[in-house]
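**Q** The structure that follows is given in the form of structure tokens.
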Amino acid sequence: MANLTRRPPKGKGVMRRNVRAAASGPRTEYLAFVLAGETYAAPVSLIREIVNPPPLTPVPRAPSVTMGIVSVRGQLVTVMDLRRRMRLQESGGTRRTRILLIESMSGELIGLYVDEVQQVYRLAETEIEHATAALGGDVAGYIAGIARPQGSVAFGDTVGGQAPVIILLDLHAILGS
Amino acid sequence: MAEASDRAREEFFSEAQEIIEGLGRDLLALDEALRANKIDPDLINDVFRAVHTLKGLAGLFGANRMATLSHELEELLDNLRLGRIEITASVLDVLFRSVELYGRILQNEKDGRDVPMPEVDDLLRTLHQGAAQVTPQSAVGQYELDPVLLSVLTEYEEHRLRTNIQSGLTLFRLRVQFQLATIDQALDDLKVNAKPFGEIITYLPTGAGADADSIELDILMASRAPLDELRRALIDTGAEVEEIPRRSPSPPGGALPSSVPSSSRSVPVPARGTDAGQILAPPSSVPAGKQRDLGSIRSVAQTVRVDIHKLDRLMNIVGELALVRSSLGDIVERLRATPSERENSSKLRELQRTFHRHLEQMQKGILEVRMVPLGQVFERLARVVRQISRDADKLVNLVITGAETEVDKLIVEELSDPLMHMIRNAIDHGTETRGEREAVGKPAVGTIALNAFQKGNHVVIEIQDDGRGIDADKLLDVAQRRGILTPEEARGMSYRDALTLIFLPGVTTKLDVSEISGRGVGMDVVKTNIGKLGGVIDVSSEPGIGTKMTVTLPITLAIISALLVRVADRFFAIPLANVQEAVALDEETVRKIDGRDMITLRSSTLQLCYLARLFGLDEEEELSARIAGLLGGARSAGGVRSGATGGRRLEGRQTLGLSGLGKRKYIVVAAVGAKRLGLVVSELIGQRDVVIKALGRSLASVRGFAGATELGENRIALVVDAPALISEILEGGDRARPAEPKGAPHG
């Protein structure tokens with residue numbers, strides 16, 4: 001259990017280095033992670049915990065996006081492959097692979113398998129483009145918007161200094177399907 | 001604050017539930033007493049008190065509907081208690097109905113639903129009308145009138161009856177045969193003849209008649225004239241005249257036949273006596289109530305109500321501790337290997353053993369707490385039997401054995417509906433009408449036996465009727481019409497196999513529209529529900545002799561002994577309760593029959609199911625490759641350094657020793673009821689006590705697994721749902737394959 005990375009609640013600890021407050025209006029915290037080389041993010045408020053993947057037990061005859069089940073401190077968690085859900089290329093686990101624990105609407109604890117967890121962004125509404133229609137395909141429904149943060153980096157490595165493009169996921173849509 | 005009041009509400013629900021259950025028991029006793037004609041006044045008092053307590057509770061918690069119902073019932077019961085109205089089967093019906101409604105009201109309250117409940121309003125109206133008739137009935141109650149007759153009186157007739165009695169007239173019953181052709185005229189003649197002596201209040205056919213063309217009527221008449229005079233006057237009509245006897249312990253001042261008007265004025269006396277009775281009642285009933293309350297306070301002190309989910313949580317903690325124990329064991333073993341630590345390690349080992357022992361006791365203790373006697377659900381069934389048999393107008397005697405058999409509380413709760421449906425079927429469709437029974441020389445009263453007993457780790461519940469049995473031909477016929485069977489298949493089917501058709505959706509023996517009771521829930525639903533509890537249901541039937549449904553259930557769902565097996569590269573747990581035996585598989589003996597793998601084991605045929613094949617573990621497809629890769633990581637000491645790419649997959653497979661898959665396999669013979677299936681596995685690991693955890697809701701649609709269990713070090717084994725597999729493979733196989741090409745013509 002010692003190797004489980006526990007996120008402090010509310011992300012206060014993570015937010016040590018403060019943001020150069022620039023834009024107006026309230027900001028929402030997003031956790032950015034990597035899926036098949038691209039940066040995605042989901043609201044921090046929905047993510048209960050980030051864990052190192054415990055041994056995964058596949059469930060035969062389960063839906064294909066289900067990777068299997070894991071035990072997190074005695075609780076069974078169904079793990080979903082976000083890459084598969086987003087029709088992305090899958091690769092094997094690395095030491096950076098993590099599972100994000102999310103509580104679904106029905107109260108079930110779901111794990112989302114991601115290639116790497118990056119950092120927390122505090123995004124203002126102005127930095128988010130909600131036009132998901134621009135992204136075609138059958139995964140459009142899972143995307144809440146696109147964000148281009150103005151260099152407002154909270155912690156972790158900055159990616160070459162340029163403003164990355166972050167795809168914001170609609171976790172409720174993903175878990176609901 | 002909110003939490004405290006929530007808890008108080010919880011208390012309210014469980015207390016109310018308990019009282020309602022007690023009420024049901026008292027009513028059953030009362031019903032029995034009524035039939036034996038020995039009514040114990042204490043019983044009525046008990047019922048009254050229960051309703052009174054409910055009223056108080058309901059008032060306290062703002063459960064208005066319950067309070068109103070209790071209030072009205074209290075009135076009725078008070079009248080019963082004070083002898084103002086007679087206790088009859090129809091009064092009992094109302095009481096039974098209110099127990100049922102109490103349950104529903106409570107459920108709605110619990111769910112926080114405020115929905116209209118017309119059935120409650122109906123009952124309230126009935127009760128209200130009943131209350132209005134209290135005084136008149138007290139007068140009518142002097143006579144031994146058939147309750148059937150009383151229940152069919154119109155308001156006017158009742159009013160006339162009342163008035164006549166109050167006027168001091170005597171009641172007579174005239175029994176007359178009429179020819180159907182001339183009944184109108186004859187009845188008029190009779191009325192004319194009777195007029196001078198009194199009044200004809202009502203008439204009812206007796207159901208008897210000399211022949212098809214005649215009808216016999218019972219005529220209720222009030223007359224001033226004495227019996228002899230009336231007889232003489234009506235001699236020409238052929239009427240048999242009888243005076244209706246009065247009840248012997250008539251209310252004080254109750255009119256003797258000869259009484260003068262002044263004594264009939266005493267009829268309202270009981271009504272006035274109400275006040276007196278109420279004044280008198282408290283001294284006698286209140287102390288009694290107090291004593292009872294004290295008694296129950298003592299008993300409460302010894303028992304504690306516990307939310308079953310709290311027990312679940314405890315059970316989970318025990319499961320966690322068991323994992324700690326096994327990790328501890330590993331450390332102890334490692335220490336023992338270090339010579340310098342020998343002393344410490346042996347002490348630690350001692351401690352670990354003690355820990356193990358206490359943990360086992362704790363586990364057992366929690367399991368015991370979860371156990372409740374099946375009698376809880378049987379009592380409710382007894383009420384249902386009474387109701388259904390009255391509705392269906394069939395005489396049924398319910399014989400219960402083994403009510404003390406204990407089962408996990410959760411199972412008991414989930415059992416009540418399936419059992420109710422089976423009992424209902426047994427009465428509605430199994431038991432013949434009285435006439436039919438007598439015609440074939442069976443006793444007029446049908447018997448339904450409800451037997452429960454423990455059998456190893458299982459509890460068996462049998463529902464047996466002595467009715468007409470199941471008509472297998474009808475089942476086959478329906479199954480063919482629904483496209484479930486081809487005519488050839490139907491012809492080849494044994495009686496026993498045909499019976500199991502009853503568990504398929506849409507198959508029923510209720511062929512004719514007129515036979516549909518409108519309430520029967522299909523046996524397929526019953527079967528599904530039993531299956532969810534890890535149980536199985538079996539049917540046997542003999543035409544003309546009766547039908548027996550046998551439900552076999554595990555005693556508890558919380559913890560089970562399981563056989564741990566390896567299939568390909570994974571571990572699975574098979575509940576030991578479902579395991580009959582495990583033998584090595586000799587591939588040479590496997591025969592293919594009709595596309596299925598069969599072997600002969602102990603001179604009977606056993607169908608095999610290769611779990612690896614079923615679970616897609618042998619396939620060289622991308623998915624299983626990925627799985628193998630991941631699992632390789634999973635097994636390499638908790639790391640995640642596994643690869644799923646081609647090259648690493650191979651490596652993973654080799655390290656897992658999958659090359660040895662061609663080796664000898666084993667058959668685990670899973671049995672549920674009389675059905676057996678050989679599950680082919682790669683290796684038998686051993687027996688474990690496991691705590692089953694349910695799979696998440698998103699996996700609810702995945703068939704074949706009852707849950708998962710932890711093996712320690714975060715490793716998980718899926719628990720095979722043997723009953724589901726058995727029915728999927730044996731029955732699903734039966735139907736699915738031949739049905740496919742036909743394309744299920746009737747949907």
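Every read-out reported here was derived from the displayed coordinates using simple, explicitly stated rules and does not represent laboratory data. Note that the structure is predicted; figures quoted are calculated from it, not measured. When we count neighbours, we look across all protein chains shown, and the Cβ atoms used for this are built from the backbone with ideal geometry, even at glycine.
**Q** For a footprinting-style exposure proxy, rank B:48, B:355 by other Cβ within 10 Å, fewest first.
**A** B:355, B:48
**Q** So if each residue of separation counts as 0.36 nm, and I subtract the Cα-Cα distance between residue B:674 and residue B:477, what length gain in nm does that give?
**A** Taking 0.36 nm per residue and subtracting the Cα distance, the gain is 68.4 nm.
**Q** What ratio of Cα Rg to 2.2 N^0.38 Å holds for the range A:29-176? Kindly include the intermediate steps, with their values, before the conclusion.
**A** Values: Rg = 15.0 Å, N = 148, 2.2 N^0.38 = 14.7 Å.
Output field value: 1.02.
**Q** Between the range B:107-128 and the range B:1-68, how many Å separate their Cα centres?
**A** Computed from Cα coordinates, the inter-centre distance equals 16 Å.
**Q** Kirkwood hydrodynamic radius (Cα pairs, Å) of the range B:308-371?
**A** 12.9
**Q** Quick check: pseudo-label points 7 Å beyond the Cα along Cα→Cβ at residue A:150 and residue B:602, how many nm apart are they?
**A** A separation of 8.0 nm, rounded to one decimal place.
**Q** Here's something else I'd like to know. Distance from the Cα centre of the range B:218-247 to that of the range B:363-390, in angstrom?
**A** Rounded to whole Å, the Cα centres lie 53 Å apart.
**Q** Could you list A:81, B:111 so that the one with the fewest beta carbons within 10 Å of its beta carbon is first and the one with the most is last?
**A** Going from least to most buried by this count: B:111, A:81.
**Q** Between residue A:143 and residues 5 or more places away or on another chain, which pairs have amide H atoms under 5 Å apart, with H built 1.01 Å from N, and which residues are they?
**A** A:170
**Q** Calculate the FRET efficiency for residue B:486 and residue B:357 from the Cβ-Cβ distance with a Förster distance of 60 Å, rounded to the nearest 0.05.
**A** Efficiency for this residue pair is about 0.50.
**Q** May I ask you to sort A:66, B:600, B:68 by Cβ crowding, counting other Cβ atoms within 10 Å and putting the fewest first?
**A** Numbers: A:66 21, B:600 11, B:68 17.
Ranked by crowding around the Cβ, least crowded first: B:600, B:68, A:66.
**Q** So how do A:169-175, B:33-39, B:461-467 stack up, highest first, on mean other-Cβ count within 10 Å? Mind dumping the intermediate values first?
**A** Details: A:169-175: 19.3, B:33-39: 11.0, B:461-467: 23.3.
So the order, starting with the most tightly packed, is B:461-467, A:169-175, B:33-39.
**Q** What does the structure give for B:699-711 when I average, per residue, the other chain Cβ atoms found within 10 Å of the residue Cβ?
**A** 4
**Q** If R₀ is 41 angstrom, what is the calculated FRET efficiency for the pair residue B:561 and residue B:304, using the beta carbon separation as r and rounding to 0.05?
**A** Rounded to the nearest 0.05, the efficiency is 0.90.
**Q** Further question: Taking the Cβ-Cβ separation of residue B:181 and residue B:453 as r and a Förster radius of 51 Å, what is the calculated FRET efficiency to the nearest 0.05? Mind dumping the intermediate values first?
**A** On the way: r = 61 Å, r/R0 = 1.20.
In this case the efficiency is close to 0.25.
**Q** If I model a spin label as a point 7 Å beyond the Cα along the Cα-Cβ vector, how far apart are those points for residue B:189 and residue B:122 in nm?
**A** 4.4
**Q** Further question: Quick one: if you stick a label point 7 Å off each Cα along the C-beta vector at residue B:35 and residue B:343, how many nm between them?
**A** My value for the distance between the label points is 7.7 nm.
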